[in-house]
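One structure is given below, encoded as structure tokens.
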Amino acid sequence: MTVWCYSEPQSRSACTRAPSPATPARHHQMTMKKQTSTMPMPVPTLALLLLLLLLLLAVQIANAAQSPPLLTPTATATPPRIAIVGAGIGGGATAYYLATKHGLANTTVVFDSRDYIGGRLKHTIIDNQVIELGGDAYASPNIYMEELVKELNLPISLRRGSGGAAAAGRHSESLDENDNGVSTPIDNLVAKLKVRLIELQARAQKAGSGVQGVSGDNIGIWTGTGWIPLTLTLLDHLLSDTGTLESLAGFLIRLRENYVLRDDLTTPFKTVDAFLRFGDLEMYTNTTADTFFDGHGVAKATQQDLINPVLRVIYDQSLDESHAFGALVSLTSLIDAYSIATGNSKLVEALFAAAGSQVSLQSRVVSIAYHRDTKNWNLTYVSTASQDPEADQQHIIVDRVVIASPLEYTSILFINTSLSVTPRQFVHWYVTIIVAKSVNPAYFNEQPSFVVPEAVLTTQPKSGNATVFNVVQYIADADNGYHIYKIFSNDWVNSTLPELFVDIREYDVQVWPYTFPELVATTKFQPIELSPDLFYLNTMESIASAMEVSVIAGRNVAALVAKSVA
Ligand SMILES: Cc1cc2nc3c(=O)[nH]c(=O)nc-3n(C[C@H](O)[C@H](O)[C@H](O)COP(=O)(O)OP(=O)(O)OC[C@H]3O[C@@H](n4cnc5c(N)ncnc54)[C@H](O)[C@@H]3O)c2cc1C
């Protein structure tokens, strides 16, 4: 079992092994107190102590007469021990905000069954390039992501869109710079989207392949039999389709209101509904995307041929399946896209480091039992490398528990706690990274001279007669004239690769057993407080599964935990 211990350097050596069976400080203190009061004290010692006390009192009275009164230090309470199940960005955010906003540094013990920190944030390195295998990018409206990246001084890379400072590897610090989502007025964000669309249009015109409006330097939408002329016709349409841009502007305004009105450091929300009420965001989660866009006068062609493919790439759902929130979040990804230059999981590592968390990897939490008498929790965990999981179980007693993973996939047995959680359906993705010379035009029934678009999106539903992939995307150049591509799909695509690519050097597949929950239009969400002192982050993923949402959830639960131990 690997134990990553993030704490001050001098205490690092104490962390080379997994957390030992529980001897919680609070329990230990109570025992000492009991011993003190029951053990008889010899009479001479007692007399000596009394004399000493009288002397001290006399000195204090004398001092008080000469100098101003000293502040009496308040008794320091034993810090709580807080367990976090899940070393992804949600768990990291919880630990970080507990430490930085609530004075609870070095209180978190973190368990993850995987052998790395980051959960669904994971990357590989190909020819010195960071290639994300899971959560890829965040956009300007993601205020907390930008804040964290700045606070932790992490280098960023700009994936899409424009922004002077970001191109230099950082988010801008002043209001003058145009790529600072924290301070950018909403109309600027919409303006950025317009600029982006015009950019795409111009590129398409410049490339001028003449093949149904598709060119190598842009986005193409593949129907399975032909191309939708996205850039030259649809982008035009989108630019003049005021319904779409107004819907997006309205969404961004309400989203910003949500951040401003919510004071989650002092008055955290206790339900997802309560969160959505800030900025009236329920209107986006209680209706399907197609109904919403119909109601806002968005042309059917724009819905079907542009918003639908973008939604499919981001959340693998179609307009009649997803709620409007999911579709609008997907559209924000067109504004711009940033990621951590060294890999998004580095942000999570930095969060735990700043929090002084003790992180146990390859440690699966198997059960969580509530002790009614002592009002604390017994976590049972086992190394994923164990040959005998029954015999090798370990235990730890904690005061609070935070579940930072979708409950549907934790396989935890809860004892003495009744949970009321309705399970959700999840999307399952395969992420295939291919290093090849090029994408083969023949796969798309095109001539060898045809330049396949950088991103090939698809329109078909994920079941039935679908294309085998959701998206085929050029990511970066590799060495010796090779290129790196990424495919999202619902199944293995290995057998299709030889037809789809020319001269494959290597490929690798990352299977995500759960990618994200389906974003169904609803008014019923799983709870945040599963039971007293047992908190849960990933109900928030039903609004949108994104790094920012996990951070919002972690920041909020940190405040709930802090309030509960105050
Ligand atoms: C392919 C893909 C692409 C994505 N693209 C984007 C994107 O571009 N932008 C964006 O913002 N988001 C994206 N996302 C979503 C984003 O990655 C997730 O929403 C986010 O990373 C979730 O973080 P989390 O900490 O809440 O959960 P997770 O990262 O899933 O962390 C939960 C952790 O809990 C651990 N765990 C579970 N049960 C137990 C147990 N019993 N004991 C111990 N450990 C346990 C798991 O091993 C896991 O590591 C993408 C996700 C995927 C998979």
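The values are calculated or read from the model by the stated rules, or taken from the named source; none is laboratory data. The model shown is predicted, which means the values in this text are computed figures rather than measured ones. Please note: Cβ atoms are built from the backbone with ideal geometry, for glycine as well, and neighbour counts cover all protein chains shown. Accessible surface is based on the protein model in full, side chains and every heavy atom, while ligands, DNA and RNA are left aside. Shrake-Rupley method; radii C 1.70, N 1.55, O 1.52, S 1.80 Å.
Take Leu351 and decide whether it is within 20 Å of Lys150 (Cβ to Cβ) and crowded, with 22+ Cβ neighbours inside 10 Å. Criteria met by Leu351. Selection within the stretch 431-447: residues that are touching a helix residue (DSSP H, G or I) at 6+ places or on another chain (Cβ under 8 Å) and in a loop (DSSP other than H, G, I, E, B). The member of this set that is farthest from Arg505 (Cα to Cα) is Gln447.
Note on the stretch 238-258: residues that are in contact with a Leu (Cβ under 8 Å, 6 or more places away or on another chain), modelled with pLDDT under 80 and open to solvent by 30 Å² or more (accessible area, probe 1.4 Å) total 1.
Residues in the stretch 383-430 that are under 21 Å from Ala95 (Cβ atoms), in a strand (DSSP E or B) and either among the aliphatic types (A, V, I, L, M) or touching a helix residue (DSSP H, G or I) at 6+ places or on another chain (Cβ under 8 Å) (or both): Ile396, Ile397, Val398, Arg400, Val401, Val402, Ile403.
Looking only at residues of the stretch 523-546 that are among the aromatic types (Phe, Trp, Tyr) and more than 11 Å from the ligand (Cβ to nearest atom), we find that the one that is least open to solvent (accessible area, probe 1.4 Å) is Phe535.
Among the residues of the stretch 119-147, just one is near the ligand (Cβ under 7 Å from one of its atoms) and outside any loop (DSSP other than H, G, I, E, B), namely Tyr138. Filtering the stretch 487-499 to residues that are open to solvent by 70 Å² or more (accessible area, probe 1.4 Å) and within 16 Å of the ligand (Cβ to nearest atom) leaves Asp491, Trp492. Please go through (1) outside any helix (DSSP H, G or I); (2) open to solvent by 60 Å² or more (accessible area, probe 1.4 Å); (3) at pLDDT below 95 for Val59 and return the number of the only condition it doesn't satisfy. Failed condition: (1). Being touching a Phe, Trp or Tyr at 6+ places or on another chain (Cβ under 6 Å), within 16 Å of the ligand (Cβ to nearest atom) and not in a loop (DSSP other than H, G, I, E, B) is a property that Leu328 has.
Applying the criterion of at least 2 residues that are of a type in the set (Ser, Thr, Tyr) to the strands (runs of 3 or more DSSP E) found wholly in the stretch 482-566 leaves 483-489, 501-517. All of Val511, Val520, Val549, Val502 fail the test of being within 11 Å of the ligand (Cβ to nearest atom), open to solvent by 10 Å² or more (accessible area, probe 1.4 Å), aliphatic (A, V, I, L, M) and over 13 Å from the mean Cα position of the chain (by Cα), apart from Val511. Here Phe292 does not fit the description of being crowded, with 20+ Cβ neighbours inside 10 Å and at pLDDT below 95. When each of Ile397, Ile340 is tested for being within 13 Å of the ligand (Cβ to nearest atom), among the hydrophobic types (A, V, I, L, M, F, W, C) and either buried (at least 19 other Cβ atoms within 10 Å of the Cβ) or over 30 Å from Val493 (Cα atoms) (or both), the lone residue that passes is Ile340.
Looking at (1) open to solvent by less than 60 Å² (accessible area, probe 1.4 Å); (2) among the aliphatic types (A, V, I, L, M); (3) modelled with pLDDT of 90 or more, find the lone condition where Ala455 falls short. Only one criterion is unmet by Ala455, namely (3).
Within the stretch 359-373, how many residues turn out to be surrounded by fewer than 24 Cβ atoms within 10 Å (Cβ to Cβ) and assigned to a strand (DSSP E or B)? First the steps, then the outcome.
Initially, the stretch 359-373 is screened for residues surrounded by fewer than 24 Cβ atoms within 10 Å (Cβ to Cβ), giving 361-362, 364, 366-367, 369-373.
If we keep only those that are assigned to a strand (DSSP E or B) as well, we get 364, 366-367, 369-371.
The total comes to 6.
Scanning the stretch 148-171 for residues that are modelled with pLDDT under 85 and part of a strand (DSSP E or B), we see that the one that is most open to solvent (accessible area, probe 1.4 Å) is Arg159. Within the stretch 378-399, residues that are outside the structural domain of Leu361 (by TED's automatic domain parsing) and over 30 Å from Ala566 (Cβ atoms) have Cβ atoms under 9 Å from residues that are open to solvent by less than 20 Å² (accessible area, probe 1.4 Å) and part of a strand (DSSP E or B) in no pair, counting only partners at least 6 apart in sequence or on another chain.
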